[in-house]
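Below is one structure, written out as structure tokens; the observations come after it.
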Amino acid sequence: MTTPSAPTPSTASPASASIAAPAPLTLDVLNAASIGDFTQRLDGLYEHSPWVMERAAARRPFRSAAALKFAMATAVREATREEQLALIRAHPELAGRAAIAGELTADSAGEQARAGLNACSPEEFATLQALNADYRARFGFPFIIAVRGPTGAGLTRTQIIAAWQRRLRHAPDQEFNEALRQIDRIAEIRLADRLPQPRAFGEQIMQWAETLASHSDSPDDLTCTYLTPAHRAAAAQIAAWMQAAGFDSVRHDAIGNVVGRYRADPAVDAPALVSTGSHYDTVRNGGKYDGRLGVLLPIVLVEHLHRAGRRLPYDLDVVAFAEEEGVRYGSTFLGSSAYVGRFDPAVLDAVDAQGIAMRDALRAAGLDPEAIDAAAVDVARLKHYFEVHIEQGPVLFERNLPVGVVTSIAGSVRRMLTLRGVASHAGTTPMNMRRDAAAAAAEIVLAVERRCGSTPSLVGTVGVLTVPNGSVNVIPGACTVSLDIRAADNAVRDAAVADLETEIAAICARRQITVVTEELMRAAAAPCAPHEMAYWSDAIAARGLPAHALPSGAGHDAMKLADVAPITMLFTRCGNGGISHNPLEIMTADDAQLAADLTLDFLERLATDA
């Protein structure tokens, strides 16, 4: 379906010349429109499928563009399988027959041209045609991707081909759902072209994330390890952005954190302190948004407040924590521990893979390990800490929600089990006479899955399972098994651990296997503050979106801040199935914008409590 053309002005008479032009597209116009006018004004957002807009219209009034997008996406999700398949098949192939014949809609033609698909080399064109054929043969519908990408600026042909090849490995149902999500993203971008929406925050965040990703230990991927030259360059870049944004002070503390403070309104006597932030180090071959979203977003907002001449009734710290991942020295949350005065000085003696002690690495970076304690914030002034973070999981992604409110950061118990049986000949030992350590391990894996799958917010993982000196013709006499049990509530987690202890003992006794258990870590859950959680939920609901609450299964710097102050977290959706700690980690400028808008509301609500 082509985009409706503008009416041709008539010069037949003064009366006809005085007919008013259609009103500019706004939410008010859409909310007041008839269903037919509503559908016509949004025609083309979903390729040749006006029924999506018709069904979304029934959910009016929309309080925000985000609510409108959610309504359209919900209409797609609630459609029949046949309707969904027809929607997918209504989209043209990339550089396919419709493009060659000039039969694309105006929107599709512009999008494919922006990606350069109308200017392929013969080799690229041949590759695209082969991919079209392979994809259609595997899935029965055309490959669909939002070629304008996560920011709207556009993907390169190389990026498109890489995504195409990766998605060819998807299971059919997985790819069917991914095609629908890509269609939603296409509609989101097309809507932004028609309906004026603020985007400056989101675009700035995404641009800065790209710039920060250029500082890497490796030229081939994003690896920003604690105290390396790339890590220090990233810190310098963050500090420069803070200074340009209008922070009143910017400092590098003795652990490597970058702390920017935006001071309270001078009229406020003895203001409290609110802190926010996240980490800027990464795992090896990591993503661009883990941690860094929570640093860049509040810098953008301070810049906005500064330009508007707006001061809050509290001091606001934005902290780029130097180390959270534990990649170099094995200890996590070094930055946030130091910020709240809970740093363990014994860690200074830890050495990395090259034998460099942490205290020496700090000195080499121009930092003073003896000054770490003195650099801690005055926690008695700390009123609240909040952290905006990508979810790093699939919940929001699967629910088609851009944001969610965190209820608690899961507490975890990690153990390593060493199982010992008897290594014996695989051919001569009868099945009923074996003491097979690997078979016991297999039962344990299933026991973990069974026990942890029965309780909401409880998760259990066996991430390490090794058979030392294993051989194809030897019954395993030993096996090493890891356990990682997490829950948003300590009691729920501990009950699961106790049940698994009992079941593991029974499995090993029945199989005549000995087991030695070593506890590697026990971290308490960090519940979020209900009073301030409601501020996030209210801000989301005010935009006409569901305020979905969910626990965080991953650890965050907020856990350390929870030792000294109330905390909250806002999660944003991750694309690509919710993957994180991976180059495929992705979010959109639209979701970043929404998160920034919500955070601005949150800051103002905190101001009412100051």
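The values are calculated or read from the model by the stated rules, or taken from the named source; none is laboratory data. Nothing here was measured: the structure is a model prediction, and the numbers come from that model. Counting neighbours? That spans all protein chains shown, and the Cβs are built from the backbone with ideal geometry, glycine included.
Scanning the stretch 420-444 for residues that are polar (S, T, N, Q) and either assigned to a strand (DSSP E or B) or modelled with pLDDT under 95 (or both) returns a single hit, Ser424.
Table: residues versus (1) surrounded by fewer than 20 Cβ atoms within 10 Å (Cβ to Cβ); (2) touching a residue at least 40 places away in the same chain (Cβ under 8 Å); (3) in a helix (DSSP H, G or I).
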| residue | (1), (2), (3) |
| --- | --- |
| Arg185 | no, yes, yes |
| Ile189 | no, yes, yes |
| Asp193 | yes, no, yes |
| Phe201 | no, yes, yes |
| Asp217 | yes, no, no |
| Asp220 | yes, no, no |
| Ala233 | yes, no, yes |
| Ile238 | no, yes, yes |
| Gln243 | yes, no, yes |
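Restricting attention to the stretch 516-527, does a residue exist that is farther than 30 Å from Arg167 by Cα and without any contact (Cβ under 8 Å) to a residue 12 or more places away in the chain? Looking for residues that are farther than 30 Å from Arg167 by Cα and without any contact (Cβ under 8 Å) to a residue 12 or more places away in the chain, one finds none in the stretch 516-527, hence no.
Taking the criterion of being assigned to a loop (DSSP other than H, G, I, E, B) and of a type in the set (Phe, Trp, Tyr), the only residue of the stretch 256-288 that qualifies is Tyr280. Checking the stretch 250-258 against the condition returns a match, with at least one residue being assigned by TED's automatic domain parsing to the domain that holds Leu401, without any contact (Cβ under 8 Å) to a residue 60 or more places away in the chain, in contact with a Gly (Cβ under 9 Å, 6 or more places away or on another chain) and under 29 Å from Val347 (Cα atoms).
Scanning the stretch 174-188 for residues that are over 18 Å from the mean Cα position of the chain (by Cα) and either hydrophobic (A, V, I, L, M, F, W, C) or more than 10 Å from Ala146 (Cα to Cα) (or both) turns up Gln174, Glu175, Phe176, Asn177, Ala179, Leu180, Ile183, Ile186, Ala187. Residues in the stretch 587-610 that are closer than 14 Å to Ala209 by Cβ, of a type in the set (Ser, Thr, Tyr) and touching a strand residue (DSSP E or B) at 6+ places or on another chain (Cβ under 7 Å): none.
What number of residues within the stretch 481-514 are without any contact (Cβ under 8 Å) to a residue 40 or more places away in the chain and among the hydroxyl-bearing types (Ser, Thr, Tyr)? Talk me through it step by step, then tell me what you get.
So in the stretch 481-514, the residues without any contact (Cβ under 8 Å) to a residue 40 or more places away in the chain come out as 491-492, 495, 498, 501-502, 505-506, 509-510.
With the extra rule that they be among the hydroxyl-bearing types (Ser, Thr, Tyr), the set shrinks to 502.
Residues meeting the conditions: 1.
Within the stretch 453-509, the set of residues being closer than 15 Å to Gly411 by Cβ, touching a strand residue (DSSP E or B) at 6+ places or on another chain (Cβ under 6 Å) and of a type outside the set (Val, Ile, Thr) comprises Ser457, Leu458, Gly460, Leu483, Asp484, Arg486, Ala488, Asn490, Arg493, Ala496.
Only one entry of Asp281, Asp290 meets the criterion of being among the acidic types (Asp, Glu), in contact with a helix residue (DSSP H, G or I) (Cβ under 8 Å, 6 or more places away or on another chain), surrounded by 23 or more Cβ atoms within 10 Å (Cβ to Cβ) and not assigned by TED's automatic domain parsing to the domain that holds Gly149, and that entry is Asp281.
Picking from residues in the stretch 38-90 that are touching a residue at least 60 places away in the same chain (Cβ under 8 Å) and among the polar types (S, T, N, Q), the one that is nearest to Ala137 (Cα to Cα) is Gln84.
Residue-wise test of (1) more than 30 Å from Gln182 (Cα to Cα); (2) in contact with an Asp or Glu (Cβ under 9 Å, 6 or more places away or on another chain); (3) outside the structural domain of Tyr289 (by TED's automatic domain parsing).
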residue	(1), (2), (3)
Ala375	yes, yes, no
Leu382	yes, yes, no
Val388	no, no, no
Asn400	no, yes, no
Thr418	yes, yes, yes
Met433	yes, no, yes
Val445	yes, no, yes
Arg451	yes, yes, yes
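Got a sec? Which of Gly366, Gly393 is modelled with pLDDT under 95 and either out of contact with any strand residue (DSSP E or B) (no Cβ under 8 Å at 6 or more places or on another chain) or not β-branched (Val, Ile, Thr) (or both)? Can you show your working first?
Numbers: Gly366 fails: modelled with pLDDT under 95.
The unique qualifying residue is Gly393.
In the set Val300, Val295, only one residue is in the same structural domain as Ile390 (by TED's automatic domain parsing), crowded, with 21+ Cβ neighbours inside 10 Å, in a helix (DSSP H, G or I) and out of contact with any helix residue (DSSP H, G or I) (no Cβ under 6 Å at 6 or more places or on another chain); that residue is Val295.
For the stretch 129-138, state whether one or more residues are in a loop (DSSP other than H, G, I, E, B) and surrounded by fewer than 15 Cβ atoms within 10 Å (Cβ to Cβ).
Applying the first criterion (in a loop (DSSP other than H, G, I, E, B)) to the stretch 129-138 yields none.
So far as the stretch 129-138 goes, no, none of its residues is in a loop (DSSP other than H, G, I, E, B) and surrounded by fewer than 15 Cβ atoms within 10 Å (Cβ to Cβ).
With the condition being surrounded by fewer than 16 Cβ atoms within 10 Å (Cβ to Cβ), I'd like the strands (runs of 3 or more DSSP E) fully within the stretch 511-610 carrying at least 3 qualifying residues. Explain how you work it out, then say what you get.
Numbers: elements: 514-523, 549-552, 567-572.
Qualifying strands (runs of 3 or more DSSP E): 514-523.
Of everything listed in (1) in a strand (DSSP E or B); (2) not assigned by TED's automatic domain parsing to the domain that holds Met416, the single unmet condition for Leu483 is (2).
When Thr151 is tested against the conditions (1) at pLDDT below 95; (2) assigned to a helix (DSSP H, G or I), the lone failure is (2). Quick check on the stretch 337-345. Is at least one of its residues part of a strand (DSSP E or B) and modelled with pLDDT of 95 or more? There is no residue in the stretch 337-345 that is part of a strand (DSSP E or B) and modelled with pLDDT of 95 or more. Among the residues making up the stretch 21-66, those that are surrounded by 20 or more Cβ atoms within 10 Å (Cβ to Cβ), of a type outside the set (Phe, Trp, Tyr) and closer than 17 Å to Arg185 by Cα are Leu42, Gly44, Leu45, Glu47, Ser49, Val52, Met53, Ala56, Ala65, Ala66. Within the stretch 380-419, if we keep just the residues that are surrounded by fewer than 17 Cβ atoms within 10 Å (Cβ to Cβ) and part of a strand (DSSP E or B), the residue that is farthest from the chain's Cα centre (by Cα) turns out to be Thr418.
From the list Ala109, Ala153, the one residue that fits, being of a type outside the set (S, T, N, Q), surrounded by 16 or more Cβ atoms within 10 Å (Cβ to Cβ), touching a helix residue (DSSP H, G or I) at 6+ places or on another chain (Cβ under 9 Å) and without any contact (Cβ under 8 Å) to a residue 12 or more places away in the chain, is Ala109.
With respect to Ile88, determine if the residue is buried (at least 17 other Cβ atoms within 10 Å of the Cβ) and either within 18 Å of Asn576 (Cβ to Cβ) or assigned by TED's automatic domain parsing to the domain that holds Gly575 (or both). If you could, list the steps in order and put the result at the bottom.
Values: buried (at least 17 other Cβ atoms within 10 Å of the Cβ): yes; either within 18 Å of Asn576 (Cβ to Cβ) or assigned by TED's automatic domain parsing to the domain that holds Gly575 (or both): no.
Considered against the rule, which asks whether it is buried (at least 17 other Cβ atoms within 10 Å of the Cβ) and either within 18 Å of Asn576 (Cβ to Cβ) or assigned by TED's automatic domain parsing to the domain that holds Gly575 (or both), Ile88 comes out as no.
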